[in-house]
Amino acid sequence: MPSSPLIESRFDAIKTEEPYAMTTIQTDVAVIGAGTAGLAAYRAAIAAGKRAVIIEGGPYGTTCARVGCMPSKLLIAAAEAAHELRHTAPFGVHVDGQIRIDGREVMARVRSERDRFVGFVVRGVENIPEADRIRGYARFIDNTTLEVDGQTTVRASRVPPVPRRRCRRRSRRSATA
Ligand SMILES: Cc1cc2nc3c(=O)[nH]c(=O)nc-3n(C[C@H](O)[C@H](O)[C@H](O)COP(=O)(O)OP(=O)(O)OC[C@H]3O[C@@H](n4cnc5c(N)ncnc54)[C@H](O)[C@@H]3O)c2cc1C
């Protein structure tokens, strides 16, 4: 296997055609996943004056906007509209005639609104400097090093310790008391 040139600064990362060549990026904060949480984490790191990169292996747009909260609520809104139509009589409002639900139209609206929401998120991601966006799936090499799709090594300055939950251990005496 040919040896890989390591390039230590993200500011002068060089793209090379050599097979197995690895680009190495040094940063303060490496965020895995450009979902709702990841985007907020990246922005918080930048706001705190840190160098940060955000690594995304899948499509941009977040689970929430693409397939989660947002499209599901659009579908529920259509169901609620249909439900309400059947319960207007107590208000003296009478809907005469057949209520027709066009499933295709319902889903077309869900999809077009979903695409609009995803568009907002994707435009937000596109506003992140290209040098800070890394495409591919990250895996840990060690506590502060990630490898992305076998092509990029990301070295973060440090991994903050995760605070341990404080839990009072019951002593043997109190456990039997
Ligand atoms: C049908 C449905 C309805 C929902 N409704 C609600 C709701 O009403 N209210 C609510 O609060 N929540 C809801 N949720 C849950 C909500 O969508 C998720 O909790 C939320 O989107 C998770 O956000 P996140 O930022 O943690 O991750 P995500 O938005 O899922 O982002 C994670 C990203 O990380 C990327 N990724 C993962 N591993 C790697 C890796 N190794 N390298 C690089 N990239 C990686 C993924 O590709 C993905 O883009 C719903 C979910 C579903 C499926």
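Read-outs throughout are calculated quantities, based only on the coordinates presented, and are distinct from any laboratory measurement. Source: prediction; values computed, not measured. Using ideal geometry, Cβ is built from the backbone for each residue, glycine included, and neighbour counts are taken over all protein chains shown.
Some values worked out for this structure:
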{"read-out": "Sequence of Leu39, Leu75, Leu146 once ranked by neighbouring C-beta atoms within 10 Å, starting from the fewest", "value": "Leu75, Leu39, Leu146"}
{"read-out": "Inter-site label distance for Leu75 and Thr145 at 7 Å from Cα along Cβ, in nm", "value": "4.4"}
{"read-out": "Cα-based Rg / Dmax (Å) for region 7-161", "value": "22.8, 76"}
{"read-out": "Most to least packed among 59-66, 97-104, 119-126 [average Cβ atoms within 10 Å]", "value": "59-66, 119-126, 97-104"}
{"read-out": "Total formal charge among the other residues, if their Cβ is under 12 angstrom from that of Ala65, Lys/Arg +1 and Asp/Glu -1", "value": "+3"}
{"read-out": "Sorted by Cβ neighbour density within 10 Å, fewest at the top, the residues Phe91, Phe140", "value": "Phe91, Phe140"}
{"read-out": "Least to most buried among Ile55, Ile76 (fewest other Cβ within 10 Å first)", "value": "Ile76, Ile55"}
